[in-house]
Amino acid sequence: MSELTEIGPFIASLSQGAQGNPAPTLDELMGELKIKRRPGFLRKFPSGVQTFLTNGKGVAGLIILTVFVVMAALAPLLSPFDPYRRAGKPHVQPGVEHFLGTSRQGKDIFSQLLEGGRTSLTVGFIAGISATLIGLGVGISAGYFGGKVDEVLTFFVNVALVLPALPLIIVLASFVEEASPTIIGLVLAFTGWGWSARTIRTQTLSIKSREFVLAAELMGEKKWRIIVREILPNMSSFVVGGAVLATIYGILAEAALEFIGLGSPSSVTWGTMLYWAQRSQSLQTGAWWEVWPPAVAIMVTGAALVLINFGVDEITSPQLRAARLSGRIKKFLKRRGRSVDVF
Amino acid sequence: MAFLARRLGFYFAAFMVAITLNFFLPRWMPGDPTTRIFMALRGKMRPDQMEMLKKAYGYDGSLLEQYGQYLWKLLHLDFGISTVNFPEPTSSLLFYAAGWTLFLVGVATFLSFGIGLVMGIYSAWHRGGFFDSVFTPINVMMNAFTPAVVALLLWYAFALEWAVFPLGRAHDINLVPGWNWESAVSISWHAVLPVLSIVLVNFGSWHLGMRNTMINLLNEDFVVLAKAKGLSDRRVRYRYVARNAILPQITSLALSVGFVFGGAFISEVVFNYPGLGKFTLNAIESRDYTFIQAQLTLLTCSVLIANLISDVLNVIFDPRLRTSGGH
């Protein structure tokens, strides 16, 4: 009984607090937590896209990447000179005529940068998307069909994961005498699908055991229809995230292979631009403008894709989405003198 | 134990796939090594000499006989004769380069792992805070800066422009490396930039991996219970959350250690470091197939052994795997 008698003053103290300090309205709370309402036009998109678009990092990455893609697509219109031909004296400093200077061989760096972006981005995207598609096919079939199919496919996935990829690429690339960007992209796709196959298989296994898949099976849906209509839409963020990672890997690996001289030196990509800059010792002779443009281009593209991946990660894992706000919530609670231990 | 036995079976199968691939690759390519030597000597070779050469490289007899011979040699760690430095056995150069690579990439891998882990634990614990929202994206972005760019810029800044560190090589030219103070200083001084160039592009992925795994664990019931019991912050952070989050990281660490023998191609080329990456590249340029083959065999073995170690570690650290069949 004593507990009951003590509750009375407690409730009184609560209501007193409320009277002295009226409860803040929703808008005030949102203002204090620095949360904005989602703009109306966002409501038309699926919730995954909404999450992505409200994430500053992801949107910033997407904008940077779009600018690069547009510039690469318009390369023939924007470039003042032919990137494959001599356009002036060797190592002309950046200036009015040559916006970013010329290379040791007298080629215009700005035109080469645009043309190189065209090739590098195309190869990166093709490699990333094909690797994801292979991984998707293998992973979904292994996860959904199970049994013998799963055992055989998982064996190949494990072999692809265990076999050292980059050295294998180097050896494969060395077999074709001069590896063109297309060949490098294909080789990268055929060696880079292991990870996405594995994550997609695990994801398929967990979705397969849900009720809605069972319901579709009981209704007598065809297997391919269950895969395409029921399972695939529920892991689209995994697939997109995997594709972004594979594209980063594709762009970086292509540049790395060409930098160490395994590509075809006559093609123009960011990797071969670095290769020529290293070959012609432009850093030693002070021609920084031959190294920095492709270097910065690779760095910014990589950074943009990483930012996009942060955005996609938050769709995949709600815990990460909550982590974005938890710093503000902690401060908010501290200001009110509440315990922050629950976080 | 059934789990480990099954894994062991898989690794053996994967090993067979790898070395069989390794056996067929040079045989699919246009021109075997003997033909190349024959061409290099511009045909100044008698047919019987040619036969001897074929025998020395294991290209005589039926394909099955060749394969048997290849396996037998591999069992004795006999990697054959170098195609380019003709009478030299491949293994001497291979093991010399492997030593330097083991040092360079090994040190770099453990440094990146340690730095990434500490930063990951910190930023997961204070998630959404200043450090987490600023340095997590920056560190991961460095991961996408590609070693080519980072190594070149480091080399330009600290070896050429300010000349703080040497331009290349593993030690001073006129120093014979040995187990003494002088070599230790020279070798570590020469290793600073190459190691840095690898660490800078690698620690970000460890950071992100540890952070994300930890954040996903922070709301688990056992963590809430630990907090409710009033355990100290420190104890919950390290003994409860970090200990569980470290499991997948240890698996990846074992894998990266296995790939150490892949060499750091770019850092080794830029800093002229006598490691496996640089020599493999040389071998590719001069078409020294026996060296490439030997390097791939070494790499496959180390990767498979590392995988096996990671399985054993997982069984030790994760008691759940001991009872069930393991999934």
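The values are calculated or read from the model by the stated rules, or taken from the named source; none is laboratory data. Owing to the predicted nature of the structure, the values given are computational and were not obtained by experimental measurement. Every residue, glycine among them, receives a Cβ derived from its backbone with ideal geometry; neighbour counts consider all protein chains shown.
Within segment B:248-275, the set of residues being more than 9 Å from chain A (Cβ to nearest Cβ) and part of a helix (DSSP H, G or I) comprises B:248, B:249, B:250, B:251, B:252, B:253, B:254, B:256, B:257, B:260, B:267, B:268. Among residues of segment A:140-155 that are on the phi > 0 side of the Ramachandran plot, those with a beta-carbon under 9 Å from a residue that is buried (at least 18 other Cβ atoms within 10 Å of the Cβ) at least six positions away or on a different chain give the pairs A:146/A:208. Taken over segment A:45-92, the criterion of being polar (S, T, N, Q) and assigned to a helix (DSSP H, G or I) is satisfied by A:47, A:50, A:51, A:66. Can you find a residue that is within 28 Å of residue B:159 (Cβ to Cβ) and either in contact with an Asp or Glu (Cβ under 7 Å, 6 or more places away or on another chain) or β-branched (Val, Ile, Thr) (or both) anywhere in segment A:283-294? Looking through segment A:283-294, at least one residue is within 28 Å of residue B:159 (Cβ to Cβ) and either in contact with an Asp or Glu (Cβ under 7 Å, 6 or more places away or on another chain) or β-branched (Val, Ile, Thr) (or both). Would you be able to say whether some residue in segment B:224-233 is more than 9 Å from chain A (Cβ to nearest Cβ) and under 13 Å from the mean Cα position of the chain (by Cα)? No: zero hits. Here is the figure for segment B:228-240: residues that are part of a helix (DSSP H, G or I) and exposed (fewer than 15 other Cβ atoms within 10 Å of the Cβ) total 6. In segment B:134-152, which residues are assigned to a helix (DSSP H, G or I), facing another protein chain (nearest Cβ under 7 Å) and within 16 Å of residue B:193 (Cα to Cα)? Selection gives B:147, B:148, B:149, B:152.
Residues are listed down the side, and each one gets a yes or a no for (1) of a type outside the set (Lys, Arg); (2) in a helix (DSSP H, G or I):
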| site | (1), (2) |
| --- | --- |
| A:183 | yes, yes |
| A:186 | yes, yes |
| A:190 | yes, yes |
| A:195 | yes, yes |
| A:198 | no, yes |
| A:204 | yes, yes |
| A:212 | yes, yes |
| A:220 | yes, no |
| A:224 | yes, yes |
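Among the residues making up segment B:293-315, a single one is among the β-branched types (Val, Ile, Thr) and at pLDDT below 80: B:315. When we screen B:95, B:131, B:135, B:113 for residues that are surrounded by fewer than 23 Cβ atoms within 10 Å (Cβ to Cβ), over 29 Å from residue B:212 (Cα atoms) and among the aromatic types (Phe, Trp, Tyr), the only hit is B:95. Residue count for segment A:250-284 satisfying the condition of being modelled with pLDDT under 85, more than 24 Å from residue A:191 (Cβ to Cβ) and within 12 Å of another protein chain (Cβ to nearest Cβ): 6.
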